Amino acid sequence: MTDDISKKKPASATPIPQNIPDAFLKPYDPASTEDRIYELWEKSSPKSGYFNPDNLPERNQKGDPFSIVLPPPNVTGTLHMGHAAMLAIEDIMIRYARMQGKKTLWLPGTDHAAIATQSKVEGIIYKEEKKRRHDLGREEFLKRVEKFAQDSHDTIVNQVRKMGSSIDWSREAFTLDEKRNIAVRTAFKKMYDDGLIYRGHRIVNWDPKGQTTISDDEMVYQDETTKFYYFKYGPFTIGTARPETKFGDKYVVMHPDDTRFAEYKHGQKIDLEWINGPITATVIKDTAIDMTFGTGVMTITPWHSVVDFEIAERHGLDKEQIIDSYGKLLPIAGEFSGMKITDARGKIVEKLKAKGLLVKEEDYSHRVATAERTGALVEPQIMNQWFIGVNQEFDHNGKKTTLKQLMQNAVKKDGIKILPDRFEKTYFSWIDNLRDWCISRQIWYGHRIPVWYRTVDGKEEIYCDIEAPQGSDWKQDEDTLDTWFSSGLWTFSTLGWPDEKEFAKMRMYHPTSVLETGYDIIFFWVARMILMSTYILGEIPFQTVYLHGLVRDGQGRKMSKSLGNIIDPLDMVKKYGADATRLSLIIGTGPGNDTKLSEDKVKGYKNFANKLWNITRFVLGSTEGHTYDPNFTAWSATDTQYITEFKALLSEVTKEMEEYKFYLVGEKLYHYAWHTFADKILEESKVIFANKDTSAFADQKSRAQFLLHTLYSILKALHPFMPFVTEEIWGLLPVHKDKQHLIVENWPA
RNA sequence: GCGGGAUUAGCUCAGUUGGUAGAGCAGCUCAUUUACACUGAGAAGGUCGGGGGUUCAAGUCCCUCAUCCCGCACCA
C-alpha cells in the first residue's frame, strides 16, 4: 500500500525539511511513474524524441555512431521473458552509449516468420472453422494471416515500450513490408545474376504435414527405438530400419577396402530375388560406407536419403521416387501402392519373412528428424527447388570466392567478435558442414520468389527481376522464400538499402556495433546476416555478437505452458516495475549462460528501487541549506577516502561495461548504493550532521557535498539498468529542475 | 560418435595475468514511530565434484575419473 506514511507520524516528529519534494513522502510507485517517464523521453521532440539519434544533444551529434538493430520478434504472439532479457540487455548498451555521447541508434522491427506464423494461423482457422488454407484460397488466407500479424505486432510494440526500451520508433521496420520486399527482390536478383541462386532437382527436407520444404535448422531430432531388420539380398545380408523404402533398391554398396567383399567388383551385376520378384542389382564401391556398422553392406534409396543421394550422384546412378509428398507409397511398391509408409512397414516385413528373406531383427535406437513446426516426420525427397550455392565460386569485387569463404573470413579475418568466444567454434563447425541452402517454401505467407515463367514454342523461359516482366503470359513462381532470407538482410534493409539516397543517410550506422541475440539462433540468423552483408555490401553486418542464454524458472526448468511455470514479463512490470524486472534479468547472467528467474528475485529489486528513493529523501533532507557545488574541493579526510573508493568503483564498472559484463556492473552498483552508501555512509552522516558545534561545520559542508555528488553519480551509473526510477529522481532533484534529462546526461567518469 | 558447458554456503551464482574463500536469497539471533519494514545490526554456514600432477603457493594451470546439461553429426 502506498498510504501517506506521514499520517502515522505523531505531531512531535521532526519537521520535514523544506527541500524535499512531496513525492518522496510516499514509497516509490513504478506503476504511476513509468508510462509518464517513457513519454517524457519519447515526446521530448517530434519523431521519437531522444530515441532518435537526430534529436540528441550537440555532443552526441559529434560523437561516434553506435547502433543496434533489434532482433525482430516473430509476429506469432506475445513476448516472453527471453525477449524481456534481450530488451533489457540491449537497452543497457544503448543507454550507456548514449550517455557516453555517441550518436546512438536502436532500430525496432518485427519478423513475419513465414512458416511459424502461417502454421499458427492455420491452426487457429482449423480449430475455429474446420477449414484449411486451400478452402479459403491464397488471397483470403493471406488476409487472415496479415490481420493476425498486425494484432501480434501491436501487442509486441506495447510490451517493448513497457520494458523501457529507448528505441527509435520513427524507423520501425517489418521483414515483410514494402521496403523490405524490394530489398529481398534486389538481393535475390543479384544472387541469381551471379549464379549463386539456382533452381534444380535436389534432395530436400520435406514436411509431409506442412506440405513444404524446410531447412536443416528447422528440424528437431527425436530419439526413437525401432526395429532394425536384416534381409537376404542375393549373396549379401543388408540391414535397414526402413524396409518400406527398399522397393527400388537395385544398387548394393560396400566399402572398397572391405576384404570381406573383395570378390565383388564395382559395377558387377547380380541377379537376386527381392520384395516383388527377381531383380538385377549392381555392386557399387564407395567410401561413405561404414565397414563396422551392420553387415558393412547396404542398398541405397537415393530419392529419400541425403547420403544415398550423394552416393548416387558420385556414381551417376538412377534415382527413383518411392514415396509421394503425402507419405504414401507409389506404384513401384506394387501391391503396397497407395499405403501410408507407417502402415506398410509391418506388411512388407511379413512378406519378406514369408519369402524367407528375413534373416533377423533387433532393437535399434536412433534419432529421427521431425519438422519443428508441425511435428511431422521429415521425408527427404528429390524436388525442383531454389537453392543458394554456398560452395559456388563467383567473382566478388575482383576476387574469386565462395559464400562459405565469406562467412568464414568475417569471423576469422574481418574482426567479428563472438561473445562468449566458445561460440566461434560452433560457428565454424556449422559452416564446415554447410550444404546448399534451400530457400523455396511451398507456403503462402512470405516474400514471393521474384521469378516468372512462360512457355514459348514448347520451351520454358525464366525471367528474374525486381519487377514483373511485361506481357500477360508470364506466371510468377508460386513459392515463397525461407523467412531467414529476409532476416539475413536485416542490418542494412532497415537502414534504407537498396534505396541509394536513403541508405546514404544511414550509412554511418553500418556495420552495426553489436548484435545481441539468443545463442539458439546463431545458425539461423547470425550466419545468414554475415552471408548477406559480406556478399551484398562487402562488409561485416556487426562488430560484436553478444549471445544471451535462455530464461529459465527458479529451478532451472524451461518455461513452458505445460509446466505452468511461465512468468509473464508484463505481469512482473505491473507488480514490481520495469526497473526491477530488468535488473532481475541482468544480475547473475553472463553472455551465453542461461538465467534463472523467480518472482522473489524481481521483488528484491523492487525494494532496491525504493531504497534509491529513500536514499534521495535522506540526502536531500540532511543536506538542507547546502547547495550542490560542482567545483567543491575542501573535502574532509574521510570524504577524500570515500571519493577515492567511489572513483575506483566507477572506473572498474566502466571497464566492465566495455567488456559487456553487465551482470557485474549491476551487482556492484547495487551493492555500493545499498550497503556502502546507505548502510555505512548515510548512517555515519547522521552523527556528523547532528553535531551542533561550529567546529563540525567544515566536515558537514564536505559531507553534504559528498552526498550530493555521489548520489548524482550513482543515479547516472544506474540509469542504463534502472532508467525509470533514476530519471524520476533526477527530475525531482531541485538543482536539476532546469537541466537536461538524465537519459542524455554524461556517463560518470 | 564429435564438440562445448557446468560441478564453489541450504538455494542461485561471482571469483579473468595463481597469492589467506565472496555476494544475493532463504534460515538463525537481536533492534522497533526509523531516510527507508519494500528496514537496520550481528552471528552462523564451504576439506571450491573425486583423484593425481606442476608450483614456495592451485577454486584458478595440466592430466584423469564421475555426474549433469547443451549443441552437432548421424550409420543403411
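The values are calculated or read from the model by the stated rules, or taken from the named source; none is laboratory data. Note that the structure is a prediction, hence the values are computed from the model and not measured. We place every Cβ from the backbone using ideal geometry, glycine too, and count neighbours over all the protein chains shown. Note: accessible area is taken over every heavy atom of the protein model, side chains too, but ligands, DNA and RNA are not part of it. Shrake-Rupley method; radii C 1.70, N 1.55, O 1.52, S 1.80 Å.
Tabulated values for the structure
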item: Subset of region A:651-686 (residues that are closer than 20 Å to residue A:708 by Cα, within 7 Å of RNA strand B (Cβ to nearest atom) and either open to solvent by 70 Å² or more (accessible area, probe 1.4 Å) or not in a helix (DSSP H, G or I) (or both)); result: A:671, A:680, A:683, A:686
item: From the options A:367, A:373, residue that is modelled with pLDDT under 90 and either farther than 23 Å from residue A:484 by Cα or assigned to a strand (DSSP E or B) (or both); result: A:367
item: Selection status of residue A:563, out of contact with any Cys (no Cβ under 8 Å at 6 or more places or on another chain) and crowded, with 18+ Cβ neighbours inside 10 Å; result: no
item: Residues that are more than 9 Å from RNA strand B (Cβ to nearest atom), surrounded by 17 or more Cβ atoms within 10 Å (Cβ to Cβ) and part of a loop (DSSP other than H, G, I, E, B), drawn from region A:581-625; result: A:591, A:623
item: Spans of helices (runs of 4 or more DSSP H) in region A:455-561 with at least 2 residues without any contact (Cβ under 8 Å) to a residue 12 or more places away in the chain; result: A:500-506
item: Some residue of region A:490-511 being closer than 21 Å to residue A:195 by Cα and either open to solvent by less than 10 Å² (accessible area, probe 1.4 Å) or hydrophobic (A, V, I, L, M, F, W, C) (or both); result: no
item: Residue within region A:275-296 that is within 17 Å of residue A:349 (Cβ to Cβ), assigned to a loop (DSSP other than H, G, I, E, B), within 12 Å of RNA strand B (Cβ to nearest atom) and of a type in the set (Gly, Ala, Ser) present; result: yes
item: Total residues in region A:421-437, condition surrounded by 15 or more Cβ atoms within 10 Å (Cβ to Cβ), more than 30 Å from residue A:386 (Cβ to Cβ) and within 9 Å of RNA strand B (Cβ to nearest atom); result: 0
item: Residue count for region A:575-604, restricted to those that are under 30 Å from residue A:706 (Cα atoms) and under 27 Å from the mean Cα position of the chain (by Cα); result: 9
item: Selection from region A:258-288 of residues that are among the charged types (D, E, K, R) and touching a residue at least 12 places away in the same chain (Cβ under 8 Å); result: A:258, A:260, A:265, A:269, A:271, A:273, A:285, A:286
item: Selection within region A:626-644 - within 49 Å of the chain's Cα centre (by Cα) and either small (Gly, Ala, Ser) or within 16 Å of RNA strand B (Cβ to nearest atom) (or both); result: A:642
item: Some residue of region A:290-302 being open to solvent by 20 Å² or more (accessible area, probe 1.4 Å), modelled with pLDDT under 90, out of contact with any helix residue (DSSP H, G or I) (no Cβ under 7 Å at 6 or more places or on another chain) and within 27 Å of residue A:354 (Cβ to Cβ); result: yes
